[in-house]
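Comments concern the structure below.
FYI, it's all coordinate maths here, none of it is from the lab. Being a predicted model, the structure only gives us computed values, none of them experimental. A quick note on method: Cβ atoms are made from the backbone with ideal geometry, for glycine too, and the neighbour counts reach across all protein chains shown.
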């Protein structure tokens, strides 16, 4: 089975691939799509045409859209906008898509396993509150890494080392994984 991934940056797709490989024991072939298109460029009509061309070329069984909300889960307008985007672009790929909507951003997952993150960056970051209520987690990590500087381009390596059981406690990841499991049942 092939799974296509579209992220706001290639690091996002690679990071999620590294998580999914560990959850699903490498049972899938992962194909990053639209690697040269970043951030809000994903929302253009030209991108929609490019998506259809790449999707027809690779024919993934499922396509995962990895998007940052850039807001909290209480930001109804931003959620509505991202879901409308997903619905519009999902129609271009015959509705084979699933949305992974990261609250606030994908880096939120790191806060569910700061222990491993701290080992990687030789840091002592602590965060006791609900990570999904933290605005700008990426900036928080950058500001609090004192010895080795955190850079989001390292995320694929960082995500490879995060404890899967810990990050599964993240609500947005849990919601996504349930949708993915349901979609996978359609292929059995």
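The value obtained for the chain, namely the Cα convex hull volume divided by the number of residues, is 109 Å³ per residue.
Using a cutoff of 8 angstrom between alpha carbon atoms and counting only pairs six or more residues apart, the relative contact order for the stretch 89-188 works out to 35 percent. When the chain is treated as a Gaussian network with alpha carbon springs shorter than 10 Å, the biggest mean-square fluctuation among 108, 124, 74 belongs to 74. Dividing the mean sequence gap of close Cα pairs (under 8 Å, 6+ apart) by how many residues the chain holds gives a relative contact order of 24 percent.
Counting only DSSP beta bridges with both residues in the chain, tell me the antiparallel percent, nearest 5. The antiparallel fraction comes to roughly 0 percent. Mean residue ellipticity at 222 nm, helices only, the chain: -14000 deg cm²/dmol; runs of at least 4 DSSP H residues each add -39,500 (n - 2.57), and the sum is divided by the number of residues. Which part of the stretch 1-28 falls in the paramagnetic zone of residue 187, meaning amide N under 17 Å from the point 7 Å along Cα-to-beta-carbon? Counting only backbone N, you get 1-6, 16-28.
A simple packing score, the average count of other Cβ atoms within 10 Å per residue, orders the peptides 145-157, 91-103 as 91-103, 145-157, with the highest score first. For the stretch 75-172, the orientation-averaged shadow of the C-alpha convex hull comes to 7.1 nm² (one quarter of the hull surface). Relative contact order for the stretch 101-145 using alpha-carbon pairs under 8 Å, separation at least 6, rounded to a whole percent? About 49 percent, as a whole number. In units of the compact-protein estimate 2.2 N^0.38 Å, the stretch 14-94 shows a Cα radius of gyration of 1.18.
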